[in-house]
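Below is one structure, written out as structure tokens, with a few remarks after it.
Computed from the coordinates by the stated procedures, all read-outs in this text should not be read as laboratory data. Because the structure is a prediction, the values reported are computed rather than measured. Backbone-built Cβ (ideal geometry, glycine too); neighbour counts: all protein chains shown.
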Amino acid sequence: MDFIFKAFILILAGMCLVRISGRQSVAQMTVTTTVVMVSIGTMIVQPIVRDGNSVWKTIVSVSIFIFTLMVIDFFRLKFNFFETVISGKAVILIKDGHLHEKNLKKHRMTVDQLEMHLRTSGISKISDVKTATLEPNGLIGYELTDDAKPLTMGDLKKLLRSPHKKSENDLFKEISDGHQKELKKKLQ
């Protein structure tokens, strides 16, 4: 029965400590965050599985891991060098509709995997992509070419505000002013 109490305490403590580490830790796991979270999961299970491990010792150990993660994230936010070293930088996979196969191979991604990501984003042709990047969190970012971008409300408003070329054959003006062009007698 003691293990049920330990499990309950460790789950609550783990939830609180992960919550303290921040929402970003769960939503966008970096390599560092992944290592810490896997370690925490392993440490939380130990007091339940083994009778000799103390619950409080585990909570303190998990707290140290979370604190270390928060310090690393602080340095990553304050210094660009740490962000580059810890998280890495985005890598270009497509530029002006052309694949960068060297970068795909370097990051162990196949063309089929890239195409799958593009299709799930609603992109049917690689030539429609101006730039596609592999982000440090593993997601694919992309920018479409101007011709492939969907029409936005801003674009529509600009189009509607632009001066329209008046039709040469304004039927209402024709009634008051007559025909602008000379028409054959039998057509008038």
Most exposed first, judged by fewest Cβ atoms within 10 angstrom, R161, R19 run R161, R19
In the stretch 27-128, the chymotrypsin sites (Phe, Trp or Tyr not before Pro) that sit in a DSSP loop and have at most 14 other Cβ atoms within 10 Å of their own Cβ are F79
Between K57 and V31, the two model label points (7 Å from Cα along the beta-carbon direction) sit apart by a distance in nm of 3.2 nm
Taking placed amide H atoms and a strict 5 Å upper bound, the residues 5 or more places from T131 or on another chain that come that close are D96, E143
1/(1 + (r/R0)^6) with r = Cβ-Cβ of S121 and K157, R0 = 25 Å, i.e. FRET efficiency to nearest 0.05, evaluates to 0.45
Simple spin-label estimate for H107/F67, 7 Å along Cα→Cβ, in nm, reads 3.6 nm
Using alpha carbon centers only, the stretch 110-137 is separated from the stretch 59-79 by a whole-angstrom value of 34 Å
Extension length gain for D147 and F75 (0.36 nm per residue less Cα distance), in nm, is 21.8 nm
Computed ³J(HN,Hα) along the stretch 9-16: with the Karplus parameters 6.51/-1.76/1.60, θ = phi - 60°, integer Hz and x for glycine or proline, the list is 4, 5, 5, 4, 5, x, 4, 5
tail above 18 Å in the computed P(r) of the stretch 91-144, as % of all Cα-Cα pairs, reads 16 percent
With a 28 Å threshold on alpha-carbon distance, the violating pairs from K89/K157; K130/K157; K89/K125; K130/K158 are K89/K157
